[in-house]
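The values are calculated or read from the model by the stated rules, or taken from the named source; none is laboratory data. As the structure is a prediction and not an experimental result, all values here were calculated from the model. With ideal geometry, Cβ positions are generated from the backbone for all residues, glycine too; neighbour counts draw on all protein chains shown. For accessibility, only protein heavy atoms count, side chains too; no ligands or nucleic acids. Shrake-Rupley method; radii C 1.70, N 1.55, O 1.52, S 1.80 Å.
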Amino acid sequence: AATKLASAEKLMYFCTDQLGLEQDFEQKQMPDGKLLVDGFLLCVDVSRGMNRNFDEQLKFVSTLYGHLAKTKKPVVLVLTKCDEGVERYIRDAHAFALGKKSLQVVETSARSNVNVELAFGTLAQLVDRSRGKAKIIPYFEALKQQSQQIAAAKDRYEWLLGRLVKGHAEAWPAACRRMQPAPEYQDYVHLEGTQKAKKLFLQHVQRLKQEHIERRRRAYLALLPQALDALLPDLEEIDRLGRAKVAKLLEGKPGFLRWFVVLEETPWDATSHVDAADGERIPLDLLESAAAAALVEAHVEKLRQERKRAEMRRAFRDNLESSPFVTPGKPWEEARSFLMSEDFSMWLEESVYMELYGRHQKRLIERAKEDFQELLLEYSELFYELELDAKPSKEKMGVIQEVLGEEPRFKALQKLQAERDALVLKHIHFVYHPTKETCPGCPGCVDSRVEQLLGGRPARPSERQPKSPPAPDGGVDRINLVILGKDGLARELANEIRALCTSDDRYVVEGKMYELALRPIEGNVRLPVN
């Protein structure tokens, strides 16, 4: 309770955290070793202490206050450790203060840094009446205000971290130097201290690292299905294999190193591989993760389904080939009920079956047209009586249809009558104008094929062997022609050809002379003599 202190060369205040480090902190000594006391903070611990009776403590405080009051100096009753305060103790302390004249009470917590400055500010106002009177706020209300203030300062500091610290490899000293000028950093450090600021920085950097690892993990997992498609396309090879065996199987594939990398240290996300510049390849130990295992299983299931869909396609095509209800030109709507089953509907979209049906119909129609053309050739005598360049009358067309009507090849185009009639007209045109262009077999007809063969035959220029004497026949090319036929047709055609040749069987085509060797064969061409 002394108001005059004397202690030369002593510090005015000291903190035990500064022991041994005194020179690192600002030091204030008592002026001339003397100090006048202007007021008192009377501190009362309101927490539950071991082997401590609060009533006895309050009696001592009451006695001490009596000595302080005699000094005529202002006194503020400070309740400490309110963060662990007992409600009755706080109530009794307030009751004690009510019995004293103008004794103000401030509820504080040094640990939570609540109302500490208010306690000193209240005393300073009592010492210096010119100061504005401080509003005394109860502990819990002050704690709420301070929590809000700290939360706002923390938000602003975290925003600053997000703006300035972009990489997970940043170190605290460098980042701290960059942030020091920023008010967001200063406010938070003022409220919570440097250690908490550093802790938030480390959490932010760790979060950045986890985000970086997660991005890489997602990239690897996105690439894994492509790698499996490339290296393990065969279901029989991978079906019902365990995780370890799949990894072993992959390692033996020729393209393994294009997609995967085997690390000396694992797991990959705890090694320097996470920051490797060339880290696009998938670490093999990633296959041990549940997400990768799910993708492997999905790949196997996809192969199973692809196999089943392929089986369905084959079964449907077989069904098309064997079904008597699928005829040329029949629309899908008419044939559907005869072809579709529940299994087919389960495994493939109807549009797939429609596409398969469309392709089958195209082949079917082409085959039916070819068969019908053969039919027309077999009944050539039907068309000989027509007038040259005349379009057949309805009666004549009726006769043709009546003669051919019972033929299966005629009936096959029942659903394509317009195309069937067009084929008849085209055939009539061919009968009266038999050229390569009108030939039903074009471009596979003999005329076209012979021209292609002759056109592709290399010439034999005389300058290739300039030192050899010229051939007696002047280098005439030879054509070997075999004519197959029966009932004298082969010999008849051979005679027709010879009639167009010179006396020594020479034949001229487009101004070029050819030597012609004819051999008509009648009867069985498979006989050795033929």
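What number of residues within the stretch 251-281 are part of a helix (DSSP H, G or I) and under 18 Å from residue 214 (Cα atoms)? Spell out the reasoning first.
So in the stretch 251-281, the residues part of a helix (DSSP H, G or I) come out as 251, 256-259, 268-270, 272-275.
Filter once more, keeping what is under 18 Å from residue 214 (Cα atoms): 268-270, 272-275.
Matching residues across the stretch 251-281 total 7.
Out of the helices (runs of 4 or more DSSP H) lying entirely within the stretch 310-384, which hold 3 or more residues that are charged (D, E, K, R), touching a Ser or Thr at 6+ places or on another chain (Cβ under 6 Å) and outside the structural domain of residue 403 (by the TED database)? It would help to see each step written out before you state the result.
On the way: elements: 332-339, 342-347, 350-378.
Helices (runs of 4 or more DSSP H) meeting the threshold: none at all.
Do we find a residue being loosely packed, with under 11 Cβ neighbours inside 10 Å and either within 60 Å of the chain's Cα centre (by Cα) or at pLDDT 85 or above (or both) anywhere in the stretch 505-515?
Among the residues of the stretch 505-515, not one is loosely packed, with under 11 Cβ neighbours inside 10 Å and either within 60 Å of the chain's Cα centre (by Cα) or at pLDDT 85 or above (or both), which makes the answer no.
Of all residues in the stretch 29-54, which are among the charged types (D, E, K, R) and open to solvent by 50 Å² or more (accessible area, probe 1.4 Å)? Lay out the reasoning, then the answer.
Here is the first cut: in the stretch 29-54, the residues among the charged types (D, E, K, R) are 32, 34, 38, 45, 48, 52.
Of everything in the stretch 29-54, those that are among the charged types (D, E, K, R) and open to solvent by 50 Å² or more (accessible area, probe 1.4 Å) turn out to be 32, 34, 38, 48, 52.
Given 207, 215, which one is within 21 Å of residue 162 (Cβ to Cβ) and either in contact (Cβ under 8 Å) with a residue 40 or more places away in the chain or surrounded by 12 or more Cβ atoms within 10 Å (Cβ to Cβ) (or both)?
Values: 215 fails: either in contact (Cβ under 8 Å) with a residue 40 or more places away in the chain or surrounded by 12 or more Cβ atoms within 10 Å (Cβ to Cβ) (or both).
It is 207.
Does residue 191 meet the test of being modelled with pLDDT of 95 or more and either open to solvent by less than 40 Å² (accessible area, probe 1.4 Å) or under 22 Å from the mean Cα position of the chain (by Cα) (or both)?
Details: modelled with pLDDT of 95 or more: no; either open to solvent by less than 40 Å² (accessible area, probe 1.4 Å) or under 22 Å from the mean Cα position of the chain (by Cα) (or both): yes.
Spelling it out, it is not the case that residue 191 is modelled with pLDDT of 95 or more and either open to solvent by less than 40 Å² (accessible area, probe 1.4 Å) or under 22 Å from the mean Cα position of the chain (by Cα) (or both).
Kindly indicate which of 362, 411, 426, 391 is open to solvent by 90 Å² or more (accessible area, probe 1.4 Å), under 30 Å from residue 310 (Cα atoms) and without any contact (Cβ under 8 Å) to a residue 40 or more places away in the chain. Before you say what the answer is, go through the steps one by one.
Details: 411 fails: under 30 Å from residue 310 (Cα atoms); 426 fails: under 30 Å from residue 310 (Cα atoms); 391 fails: under 30 Å from residue 310 (Cα atoms).
Going through 362, 411, 426, 391 in turn, just one is open to solvent by 90 Å² or more (accessible area, probe 1.4 Å), under 30 Å from residue 310 (Cα atoms) and without any contact (Cβ under 8 Å) to a residue 40 or more places away in the chain: 362.
Please enumerate the residues belonging to the stretch 284-329 that are open to solvent by less than 30 Å² (accessible area, probe 1.4 Å) and within 30 Å of residue 418 (Cβ to Cβ).
Those that are open to solvent by less than 30 Å² (accessible area, probe 1.4 Å) and within 30 Å of residue 418 (Cβ to Cβ): 316, 320, 323, 326, 328, 329.
What are the residues in the stretch 56-74 that are loosely packed, with under 15 Cβ neighbours inside 10 Å, free of Cβ contacts under 8 Å to residues at least 24 places away in the same chain and not in a loop (DSSP other than H, G, I, E, B), if any?
The answer is 56, 59, 60, 63, 66.
Which of (1) of a type in the set (Lys, Arg); (2) free of Cβ contacts under 8 Å to residues at least 40 places away in the same chain; (3) under 30 Å from residue 180 (Cα atoms) does residue 248 not meet, given it meets every other one?
Here residue 248 clears every test but (3).
Go through the stretch 504-528 residue by residue and tally those that are of a type in the set (D, E, K, R) and touching a residue at least 24 places away in the same chain (Cβ under 8 Å). Please lay out each step first, then the result.
Let us first name the residues in the stretch 504-528 that are of a type in the set (D, E, K, R), namely 504-506, 510, 512, 515, 519, 522, 526.
Next, only the ones that are touching a residue at least 24 places away in the same chain (Cβ under 8 Å) stay: 506, 512, 515, 519, 522.
Result for the stretch 504-528: 5.
Do we find a residue being open to solvent by less than 50 Å² (accessible area, probe 1.4 Å), of a type in the set (A, V, I, L, M) and not assigned by the TED database to the domain that holds residue 343 anywhere in the stretch 266-281?
Within the stretch 266-281, one or more residues are open to solvent by less than 50 Å² (accessible area, probe 1.4 Å), of a type in the set (A, V, I, L, M) and not assigned by the TED database to the domain that holds residue 343.
Given (1) free of Cβ contacts under 8 Å to residues at least 40 places away in the same chain; (2) in contact with a His (Cβ under 8 Å, 6 or more places away or on another chain), identify the lone condition not met by residue 156.
(2)
Any idea which of 255, 279 is of a type in the set (Gly, Ala, Ser), within 24 Å of the chain's Cα centre (by Cα) and closer than 23 Å to residue 206 by Cα? Explain how you work it out, then say what you get.
On the way: 255 fails: closer than 23 Å to residue 206 by Cα.
Residue meeting the stated conditions: 279.
Do you know which residues across the stretch 25-55 are more than 21 Å from residue 115 (Cα to Cα), part of a strand (DSSP E or B) and hydrophobic (A, V, I, L, M, F, W, C)?
Restricting attention to the stretch 25-55, the residues satisfying the condition of being more than 21 Å from residue 115 (Cα to Cα) are 25-37, 49-55.
Adding the requirement that they be part of a strand (DSSP E or B) leaves 29, 34-36.
Residues satisfying the conditions are 35, 36.
Only one of 142, 119, 153 is more than 42 Å from the chain's Cα centre (by Cα) and modelled with pLDDT of 95 or more; which? Spell out how you get there, then give the answer.
Working: 142 fails: modelled with pLDDT of 95 or more; 153 fails: more than 42 Å from the chain's Cα centre (by Cα).
The unique qualifying residue is 119.
Being open to solvent by 30 Å² or more (accessible area, probe 1.4 Å) and touching a helix residue (DSSP H, G or I) at 6+ places or on another chain (Cβ under 9 Å) narrows it down to one of 149, 145, so name that one.
On the way: 145 fails: touching a helix residue (DSSP H, G or I) at 6+ places or on another chain (Cβ under 9 Å).
None of the other options fit; the residue is 149.
Just one of (1) in contact with a Gly (Cβ under 9 Å, 6 or more places away or on another chain); (2) more than 20 Å from residue 222 (Cβ to Cβ); (3) not hydrophobic (A, V, I, L, M, F, W, C) trips up residue 273, so point out which.
For residue 273, the failing item is (2).
So which residues in the stretch 157-176 are open to solvent by less than 100 Å² (accessible area, probe 1.4 Å) and not aliphatic (A, V, I, L, M), if there are any at all? So that I can check it myself, show each step before the final result.
From the stretch 157-176, those open to solvent by less than 100 Å² (accessible area, probe 1.4 Å) are 157-158, 160-162, 164-165, 167-176; that's our starting set.
Passing the criteria: 157, 158, 162, 167, 168, 170, 172, 173, 176.
Considering only residues that are crowded, with 19+ Cβ neighbours inside 10 Å and assigned to a helix (DSSP H, G or I), which ones fall in the stretch 75-88? Spell out the reasoning first.
So the first thing to find is which residues in the stretch 75-88 are crowded, with 19+ Cβ neighbours inside 10 Å, and the list is 75-82, 85.
Of everything in the stretch 75-88, just one residue is crowded, with 19+ Cβ neighbours inside 10 Å and assigned to a helix (DSSP H, G or I), namely 82.
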